[in-house]
1. Identify the residues of the range 41-74 with backbone N under 16 Å of a label point that sits 7 angstrom from the Cα of residue 17 along the Cα-to-Cβ direction, or state none.
2. Based only on other Cβ atoms within 10 Å, what is the fewest-to-most ordering of 8, 46?
3. For the range 6-73, what mean projected area does the convex hull of the alpha carbons give, in nm²?
């Protein structure tokens, strides 16, 4: 399931293990500049200023796959 509502389905069902990541990210430079302007979460999802650093997608794909494989080992 690929939705930010996923955790609402597994937590009440008493599932013990699941993998959930928010992947959309802005570049560190953009986040630093926004925080200097007093914006704590400037590029969060469902926000008109949402940004995705395309270079981060392979990293988070690797991270998510690694977490999933670790869960399968248990």
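Only the coordinates and a few stated rules stand behind these numbers; no lab work does. The structure presented is a predicted model; accordingly, all values stated were derived computationally and were not measured. Neighbour counts are summed over all protein chains in view; Cβ atoms, including those assigned to glycine, are modelled from backbone coordinates with ideal geometry.
1. Counting backbone N atoms under 16 Å from the label point, the list is 64-74.
2. With the fewest neighbours first, 8, 46 line up as 46, 8.
3. Result: 6.0 nm².
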